[in-house]
Every structure is written in C-alpha cells, then in structure tokens.
Amino acid sequence: MKYRLPEKYRFFVKNLIRGLAWLAAIVVLFILFQEHGSRELFKEYLRPLYSQPLLMYLIYTFSEIFFGIIPPELFMVWATKLGSVFLYIEAVVLLALISYGAGAIGFVFGKFLSRTVAFRFARRKYMERLQRLLHKYGFFLLIVASLTPIPFSAVCMLVGASGYPGRKFFVYTLLRFVRFAVYSVIIWQSQTI
C-alpha cells in the first residue's frame, strides 16, 4: 500500500518547492549578474538605489505592507552588497522584522476593518484565491505563508478578518524568521560561488 501525504502537507511541500525554485532562480541570476560584465549596468542603474539603504528599506516596507509585491530575496541580494557579513546579518534581521511587522499590521487591519465595504471589495477583488485557501486549509495556511512565497501580509489580513486569536497568530508567524534565516544563508553563500 502506497502512503500519500495529507492534502495540507502536499500543499505546503508544493509551495515550499516553488519558493526554493524561485530562490534558485534568484541565486543563479545573481551569480550570472556578478560574473558576466554587468558592472556597467550596476554602476549606472542599481548603485544609486543600492547606496541608499533608507530608500531600500522604505521600498521594502511598502512592498511588504502591500501584499509582498517585491520578493524579500531580492532585498537580501541587495544586502550582500553592504560590505560585511555583520552588515548583511543586520540588514536581514531588519528585513525580517519589517516583514513580520507588515504581517502584524495586516492582521490588525483585517481584524478591525473586516466589516467595511472597502475591505470586502479588496478581499473579493485581490484576495479571492487566498480566501479559498484559508477555507480549505484553515490556519495551516498561516504557517505555509510564513515559510513560502504565498503573500504573507495578505494571508495575515485574512486571518485577522476571520477572527483568529492574536496570541496564536503572533506565535505561528514567528516562523517567518526561519524563512529569512535559511534563505539569507543560501544567498550569502551564493556570492562565494
């Protein structure tokens, strides 16, 4: 008899594989970008952004609050250019705190604004797929969103709107830091390849 994982674990594994594939693509592009004469592109277009950490953190914060428009891994790649492993770790910790904070803001926003017309419109227009996943997988979706590329702050908003207890929310979403730790090690190591 062949054993088959329960559906919610298959969902997690599928999204974890997607996340790792996305991470692998970023790492490969990062390595190719470093090795193949892209210094002019870097100097002309990226250095003005890269040399302004406050601007980078503001862009990242905006992205995380508004459903993770830009993947956090791209900001980890930026952080490798800060000069030392200590500055890199500091930047990744700050990025993780911003992401966790954006999720908390989404949770509170969902909790308090779930009955407004604007929120119902946004949920119907932009979060319909996540709403179906929340109904299907319950709050396991919160754990999956913490560890994979599923839009973290959008899931947090839906979880808040569903009336999920805050204490459990804040404990489960601590897994977001695990994702940042693992991904940041891989990205840091990729610059030595």
Test: residue in segment 92-111 that is farther than 17 Å from CYS156 by Cβ and in contact with a Ser or Thr (Cβ under 8 Å, 6 or more places away or on another chain):
yes
Quick one: count up the residues across segment 102-140 that are buried (at least 20 other Cβ atoms within 10 Å of the Cβ) and at pLDDT 85 or above.
5
Within segment 6-30, can you find the residues that are part of a helix (DSSP H, G or I), more than 14 Å from the chain's Cα centre (by Cα), of a type outside the set (Asp, Glu) and surrounded by fewer than 18 Cβ atoms within 10 Å (Cβ to Cβ)?
LYS8, TYR9, ARG10, VAL13, LYS14, ILE17, ALA21, ALA24, ALA25, VAL28, LEU29
Residue count, segment 149-189, condition in contact with a helix residue (DSSP H, G or I) (Cβ under 6 Å, 6 or more places away or on another chain), within 19 Å of ALA104 (Cβ to Cβ) and not hydrophobic (A, V, I, L, M, F, W, C), comes to 6
I'd like to check which helices (runs of 4 or more DSSP H) are fully inside segment 58-164 and have at least 3 residues that are under 22 Å from SER184 (Cβ atoms) and of a type in the set (A, V, I, L, M).
72-79, 85-113, 140-147
Result of the Cβ filter at 7 Å on segment 11-23, keeping first residues that are aliphatic (A, V, I, L, M) and partners that are in a helix (DSSP H, G or I) and surrounded by 15 or more Cβ atoms within 10 Å (Cβ to Cβ), at least 6 apart or interchain, is LEU16/LEU147; LEU23/GLU73; LEU23/TYR183; LEU23/ILE186
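Name the residue that is modelled with the highest pLDDT, counting only residues in segment 57-90 that are of a type in the set (Asp, Glu) and within 15 Å of the chain's Cα centre (by Cα).
GLU64
The values are calculated or read from the model by the stated rules, or taken from the named source; none is laboratory data. As the structure is a prediction and not an experimental result, all values here were calculated from the model. A quick note on method: Cβ atoms are made from the backbone with ideal geometry, for glycine too, and the neighbour counts reach across all protein chains shown.
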